[in-house]
1. Is it the case that some residue within segment 2-16 is in contact with an Asp or Glu (Cβ under 8 Å, 6 or more places away or on another chain), more than 13 Å from the ligand (Cβ to nearest atom) and β-branched (Val, Ile, Thr)?
2. Could you please let me know if residue 13 is among the aliphatic types (A, V, I, L, M) and free of Cβ contacts under 8 Å to residues at least 12 places away in the same chain?
3. What are the residues in segment 42-78 that are hydroxyl-bearing (Ser, Thr, Tyr) and within 9 Å of the ligand (Cβ to nearest atom), if any?
4. Please pick out the residue among 124, 107, 112 that is in contact (Cβ under 8 Å) with a residue 40 or more places away in the chain, within 9 Å of the ligand (Cβ to nearest atom) and closer than 20 Å to residue 31 by Cβ.
5. Just to be sure before I move on: is residue 63 more than 23 Å from residue 18 (Cα to Cα), of a type in the set (A, V, I, L, M), out of contact with any Cys (no Cβ under 6 Å at 6 or more places or on another chain) and at pLDDT 95 or above in the structure I sent?
6. Only one residue in 56, 43 is touching a helix residue (DSSP H, G or I) at 6+ places or on another chain (Cβ under 7 Å) and surrounded by fewer than 18 Cβ atoms within 10 Å (Cβ to Cβ). Which one?
Amino acid sequence: AIERTLSIIKPDAVAKNVIGQIYSRFEAADLKIIAARMVQLSRAEAEGFYAVHAARPFFNDLVNFMISGPVMVTVLEGENAILKHRDLMGATDPKKAEKGTIRADFADSIDANAVHGSDAAETAAVEIAYYFPALSIYSR
Ligand code: CMP
């Protein structure tokens with residue numbers, strides 16, 4: 001089925017100047033960019049986005065990292081987009097990520113892991129709505 005997923009290029013990968021290289025991988029996999037914006041998240045915005053992780057021991061480090069610089073937030077659309085995007089990203093911990101995945105190629109640690117992607121249809125809908133009003137999403 002055609003799905004939408006939320007992709008975030010995190011501050012480490014933005015700082016490495018690899019937005020285009022990561023976007024190229026999405027395009028090569030037939031994922032279309034249907035909305036995009038660069039944003040410097042406030043602490044409250046980052047905490048809100050990652051609210052499901054609020055009780056986890058890594059929450060503070062995660063929030064501090066996500067506000068350390070601008071991120072590139074994108075909505076991708078395509079066949080099986082959620083799983084396809086997760087496969088392109090590779091495992092959360094880059095040490096465990098398969099060769100040729102975004103995290104294996106661009107991430108330095110489990111915190112600075114280059115990208116975020118929605119993990120299921122329900123979370124994708126919530127995550128997309130967090131950043132984009134319906135009128136700024138251009139399905140095609
Ligand atoms: P992300 O997909 O953005 O979702 C939550 C983030 O928390 C995750 O990527 C990692 O960058 C970060 N994180 C740090 N430690 C852990 C951990 N032990 N398990 C899962 N995520 C972690």
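The values are calculated or read from the model by the stated rules, or taken from the named source; none is laboratory data. Computed from a prediction, not measured in an experiment: that's the story for all the values here. Cβ: placed from backbone, ideal geometry, glycine included. Neighbour counts: every protein chain shown.
1. Yes, because at least one residue in segment 2-16 is in contact with an Asp or Glu (Cβ under 8 Å, 6 or more places away or on another chain), more than 13 Å from the ligand (Cβ to nearest atom) and β-branched (Val, Ile, Thr).
2. Working: among the aliphatic types (A, V, I, L, M): yes; free of Cβ contacts under 8 Å to residues at least 12 places away in the same chain: no.
Criteria not met by residue 13.
3. Keep residues of segment 42-78 that are hydroxyl-bearing (Ser, Thr, Tyr), which gives 42, 50, 68, 74.
The answer is 50, and nothing else.
4. Working: 124 fails: within 9 Å of the ligand (Cβ to nearest atom); 112 fails: closer than 20 Å to residue 31 by Cβ.
The unique qualifying residue is 107.
5. On the way: more than 23 Å from residue 18 (Cα to Cα): no; of a type in the set (A, V, I, L, M): yes; out of contact with any Cys (no Cβ under 6 Å at 6 or more places or on another chain): yes; at pLDDT 95 or above: yes.
Spelling it out, it is not the case that residue 63 is more than 23 Å from residue 18 (Cα to Cα), of a type in the set (A, V, I, L, M), out of contact with any Cys (no Cβ under 6 Å at 6 or more places or on another chain) and at pLDDT 95 or above.
6. Details: 56 fails: touching a helix residue (DSSP H, G or I) at 6+ places or on another chain (Cβ under 7 Å).
None of the other options fit; the residue is 43.
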